[in-house]
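The values are calculated or read from the model by the stated rules, or taken from the named source; none is laboratory data. Being a predicted model, the structure only gives us computed values, none of them experimental. All Cβ positions, glycine included, derive from the backbone under ideal geometry; neighbour counts span all protein chains shown.
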Ligand code: NAP
Ligand code: G4F
């Protein structure tokens, strides 16, 4: 019998890579999708006939209870969230309902329907916020700097709490920023790679950004979903930091991206206050030694390769569109 696995957030960046990975492992993949007036399955279009999509929402516990009863998953990966930090300042309550309380609703559904289900929670390095040590590990205290970060701290601790209170197999992966050509356009790496491709092709001239000094530990999303899977295969549930151990500024990301197409970032990047945040996370860099020791996991994609593959993918995307218009 194939293992049945439920992914919330299957239409997102990570959900699409995780679904691909789980299919290669022979799992029956069930993806929870929320109702919308138009279909937004672009990231999973290539595997849509291999996964079962079911309707549910983190805001609606009954919908998740129904999914668990009907589809009886062995594992659940909770990747769904309001995941954009900037939006969380403008929609803090929605962010809390989804990214924080949504975790409790899903854990409660597990407790009520089948406590044997293994559960993965998508925790975040944003929880470290104003960091108290460098690099950050599983024991670094949290100091979130946005409603999103606060909501993720709640999601993290409720996951720990259900493990300790009800003996559930729950695990939090504290993942540092991870990117890909499937990253949403509003996140800084994709915003840069897409703008660089547009500028190279003569479709734009400038790129407006906020804080260029912020530093992040950026990895490749396809590497990181493998760590999620490894966590749920462990007999003992435990929380893990997943990162590259390297940090780079937004400015450096720009420099690498523009250099790759033979342009100078200083000629095109304009700093725009609109993209500054009320409170910033200045520096993130992790240490994933525990994941390497226990899970045998290590990042595979260096920073420079990540930047290039994102710019190349956006060049392909835009050139493909131009060809289809010709
Ligand atoms: P993403 O691309 O923004 O995807 C988010 C997913 O959540 C989408 O499928 C979205 O569905 C779904 N969703 C949002 N609200 C929902 C609701 N109320 N009910 C059901 N589904 C809902 O995010 P990602 O980059 O793949 O990240 C996956 C998870 O990891 C998120 O929890 C994120 O916070 C966390 N995380 C990400 C990173 C990173 O660097 N990428 C790092 C640490 C942690 P729609 O398509 O319908 O909008
Ligand atoms: O790409 P970002 O929006 O990602 P951020 O805020 O680090 O959050 C991402 O990573 C978290 C993990 O640590 C996830 F939990 C979360 O779900 C999300 O995936 O911004 C990165 C940095 C920030 O310091 C921001 O201020 O880039 C800076 N930045 C500068 N100009 C900008 C811009 N960010 C965006 N989105 N847009 C700009 O124009």
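For segment 9-43, the set of residues classified as within 10 Å of ligand 1 (Cβ to nearest atom), within 15 Å of the chain's Cα centre (by Cα) and not in a loop (DSSP other than H, G, I, E, B) consists of 13, 14, 15, 16, 17, 18, 43, listed by residue number.
Yes/no per residue for (1) over 30 Å from residue 74 (Cβ atoms); (2) within 15 Å of the chain's Cα centre (by Cα); (3) touching a residue at least 12 places away in the same chain (Cβ under 8 Å):
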{"position": "121", "(1), (2), (3)": "no, yes, yes"}
{"position": "127", "(1), (2), (3)": "no, yes, yes"}
{"position": "131", "(1), (2), (3)": "yes, no, yes"}
{"position": "136", "(1), (2), (3)": "yes, no, yes"}
{"position": "140", "(1), (2), (3)": "yes, no, yes"}
{"position": "144", "(1), (2), (3)": "yes, no, yes"}
{"position": "150", "(1), (2), (3)": "yes, no, yes"}
{"position": "154", "(1), (2), (3)": "no, no, yes"}
{"position": "159", "(1), (2), (3)": "no, no, yes"}
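Going through segment 76-87 one residue at a time, which ones are surrounded by fewer than 20 Cβ atoms within 10 Å (Cβ to Cβ) and more than 12 Å from ligand 2 (Cβ to nearest atom)? Within segment 76-87, none qualify. For residue 253, the requirement of being within 18 Å of the chain's Cα centre (by Cα), farther than 20 Å from residue 144 by Cβ and within 15 Å of ligand 2 (Cβ to nearest atom) is not met. Take residue 90 and tell me if it is within 16 Å of ligand 2 (Cβ to nearest atom), under 17 Å from residue 222 (Cβ atoms) and either under 21 Å from the mean Cα position of the chain (by Cα) or without any contact (Cβ under 8 Å) to a residue 60 or more places away in the chain (or both). Judged against the criteria, residue 90 is not a match. In segment 112-136, the qualifying residues are those that are more than 16 Å from ligand 2 (Cβ to nearest atom) and crowded, with 16+ Cβ neighbours inside 10 Å, and the one that is farthest from residue 227 (Cα to Cα) is 113. Taking the criterion of being assigned to a strand (DSSP E or B) and more than 13 Å from ligand 1 (Cβ to nearest atom), the residues of segment 47-79 that qualify are 52, 75. Pick from segment 189-212 the residues that are more than 14 Å from residue 317 (Cα to Cα) and over 22 Å from the mean Cα position of the chain (by Cα): which of them is nearest to ligand 2 (Cβ to nearest atom)? Residue satisfying both the conditions and the ranking: 208. Is it the case that residue 82 is modelled with pLDDT of 95 or more, assigned to a helix (DSSP H, G or I) and farther than 28 Å from residue 167 by Cβ? Here the answer is no, as residue 82 does not meet what is asked. Does residue 107 satisfy the condition of being more than 11 Å from ligand 1 (Cβ to nearest atom), in the same structural domain as residue 53 (by TED's automatic domain parsing) and surrounded by fewer than 23 Cβ atoms within 10 Å (Cβ to Cβ)? It is false that residue 107 is more than 11 Å from ligand 1 (Cβ to nearest atom), in the same structural domain as residue 53 (by TED's automatic domain parsing) and surrounded by fewer than 23 Cβ atoms within 10 Å (Cβ to Cβ).
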